[in-house]
Amino acid sequence: MATQQAMTYFSELLIFHKILNAQEVLTDDSFEDHIEQFQAKEGLLVDGIVGPETLWHLQELYARQSTKLPFVKCVADIEPGGEGFDSLELRQGAAEKFNLLRKEISDLGGLVTTAGGKRALTAGVGANRSAKSMHYTGLAFDLATTSGFFNPSKDPFILTRTNSGPNYWTLWSRASGGKDMELDAVHWKNWNSGKDLTKKIKGHFVNFTQACKRHGFHPISPRRSFTRSTDRNYLGSEWWHFQANDLLIPQMSQFGIELLKIEGYTQEFIESQNSNIWGNRKSVYKKTWF
Ligand SMILES: [Zn+2]
């Protein structure tokens, strides 16, 4: 059963394709019928199931004709003596959320560092860089990978272990306006040590993960390269990565559609920059795209 958010969007799409008229209300009972009418009209397999092909046909023209979203430059903090950038680019919509998040943390005396937001379509992929990364769509940002994990007594971010999956880490901002508390900071001695250590750290901290979620940004699971027992790779820990899941609809949003919403990102442009990315265009959020 589709969520209310999904049903509203399906209605918009079916009205756009003249399967529904603007006065009609899409209900769970009529849903399959309307999808089948659409599939017949488009020459697709008529089965009433909204798979990647049907979703693509529903959304492609709609996305091409929608008002394009530019990338917006956002200011970030550089840790004194640390690495990272003083700005990042995010897609309009995500950028405003990031600015609100940074203001909240800044006002409490914390830093929001960055290793980047938007990733160029030409950027290579590898063990720690997905060919369907949210970074291509400008919906994800990374904190500076050196601003936590190795020196919990002074790092801008402290990491504690919470759960498994995307809630593996909880991040804490070191901030004078935060709560006085003691944390069990997980850390490694160095990039290659591969052994989790914990250290009690006293100070003033803000729950950064919670603040991110309030602003629509969510963490992802660490990669297997980090969680496996041997040959662990720090770059797989992904503690620095947050993405604007709240701007996507589960089982409905598609990688290529999110790209087509961006200013200047036509099919021709995307294909010419990186044909693999275009090849992944029909990946569905929370099914084959995370
Ligand atoms: Zn990332």
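Taken together, the values in this text are just the output of simple stated rules run on the coordinates, not laboratory data. Please read these numbers as outputs of a predicted model, since none were measured by experiment. No Cβ is skipped: glycine too gets one built from the backbone with ideal geometry, and neighbour counts run over all protein chains shown.
Observations on the model:
- Ellipsoid equivalent to the range 97-150 - semi-axes via the Cα gyration tensor, in Å: 25, 14, 7
- Scaled to the globular estimate 2.2 N^0.38 Å, the Cα spread of the range 51-116, given as radius of gyration, is 1.57.
- From phi via Karplus (6.51, -1.76, 1.60), per-residue ³J(HN,Hα) for the range 114-127 in Hz, x at Gly/Pro: 8, 10, x, x, 3, 10, 4, 4, 7, 4, x, 10, x, 4
- The longest stretch of the chain left intact once loop-based GluC sites (Glu not before Pro) with at most 13 other Cβ atoms within 10 Å are removed from consideration, loops following DSSP, is 84-262.
- Annotation: extensible slack from residue 223 through residue 87 equals 46.4 nm (criterion: 0.36 nm per residue apart, minus Cα-Cα distance).
- Scattering from the range 72-246 was approximated by placing one identical point on each alpha carbon and applying the Debye formula without solvent; log10 I(q)/I(0) at 0.09, 0.10, 0.15 1/Å stands at -0.28, -0.35, -0.82.
- Proxy reagent accessibility, fewest Cβ within 10 Å first, across 169, 289, 278: 278, 289, 169
- Taking Cα atoms only, the orientation of helix 4-16 departs from the longest principal axis of the chain by about 40 degrees.
- Relative counts (whole %) of C-alpha pair distances in the range 159-271, using bins that are 10 Å wide: 12, 33, 30, 18, 7, 1
- A simple spin-label model places pseudo-atoms 7 Å from Cα toward Cβ; at residue 27 and residue 15 they are separated by 1.9 nm.
- Distance violations [Cα-Cα > 24 Å] among 97/282; 132/154; 41/68; 118/213; 154/189: 97/282; 132/154; 41/68
- Proportion of all alpha-carbon pairs of the range 1-74 beyond 13 Å (%): 68
- Sorted by Cβ density within 10 Å, fewest first, the residues 181, 134: 181, 134
- Taking N as the residue count of the range 211-290, its C-alpha radius of gyration divided by 2.2 N^0.38 Å amounts to 1.31.
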